[in-house]
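First up is the structure itself, then whatever we jot down about it.
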Amino acid sequence: MIARSYRTERVCATLLGALVLLAGAGALTLNLLGIDRPVTDLGPLRPHLLWLRIGALVLGVAAVVVGLRWAWRALTPERHPDLELEHGLTVTADALAQAVQTDAAQVRGVTAARVKVIGAPALRVTLTLRQGADVRRVWQDLEGVLTRARDALDVPALPAAVRLDLAARAKRRVR
C-alpha cells in the first residue's frame, strides 16, 4: 500500500454518525408525537429479557473491540522499512529517501522535494514545482530519477506515489 487510505475511518465515522443521528431523530419524533412510554418498556419481549440482555452485552463488547481496533489503527505510525539487498547488505529507509530526494530536487522546475519510504518498500514523493514549470518534462525527469533508484538497488519494481504541488506565487509589494 503506497498511500495510507483513510477511507475506512471516514466510512466508519459516517456510519456511526448516521446511526446516532437516526437514533436521535427517532427519539425526538417519539417525543413530539407524545408517546410517553419508557425506553425500557419492552412489552411482549419480557419473556426473552435474559437473551436481550446477553445480546446487548455482546454488542457492547463488540463495539468496544471495534472502537479500540479503530483507534489503534489510526494512532499507529506508518512503517519505514529498511531494504534488505543481496549479500546481507541493508539500505536504511532514511538513506534511500535522502538519495532519491536529493536527485529529485535537481530536476528542472522543482523547487523542493520530499521523499518517504513506506510499505514493502515503496516511495511517497512530493514535489513542489515553481511557477511556469513544464509538468511533462518534470514527470519525464522524475521517471529517470526513479529508474536510477531502481537500478542502484537492483530491484525489479519500486512503486511510487507522486504528488505535485505548485509553489505559492511570490507576493509583490506596490510602492
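The values are calculated or read from the model by the stated rules, or taken from the named source; none is laboratory data. If you're wondering where the values come from, they're calculated on a predicted model, not measured in any experiment. All Cβ positions, glycine included, derive from the backbone under ideal geometry; neighbour counts span all protein chains shown.
Structure notes:
- Hits in region 75-90 - residues which are loosely packed, with under 11 Cβ neighbours inside 10 Å and either touching a helix residue (DSSP H, G or I) at 6+ places or on another chain (Cβ under 8 Å) or of a type in the set (Asp, Glu) (or both): Glu84, Glu86
- Those strands (runs of 3 or more DSSP E) lying entirely in region 66-175 with at least 3 residues over 30 Å from Ala13 (Cβ atoms): 110-118, 122-129
- Filtering region 112-151 to residues that are free of Cβ contacts under 8 Å to residues at least 12 places away in the same chain and more than 16 Å from Leu166 (Cα to Cα) leaves Gln140, Glu143, Gly144, Thr147, Arg150, Asp151.
- Comparison of Ala27, Ala23 shows that the only residue that is modelled with pLDDT under 85 and under 25 Å from Gly67 (Cβ atoms) is Ala27.
- Residue in region 112-122 that is within 27 Å of the chain's Cα centre (by Cα), surrounded by fewer than 14 Cβ atoms within 10 Å (Cβ to Cβ) and assigned by TED's automatic domain parsing to the domain that holds Gly88 present: yes
- Selection status of Ala56, of a type outside the set (Asp, Glu) and closer than 22 Å to Glu143 by Cα: no
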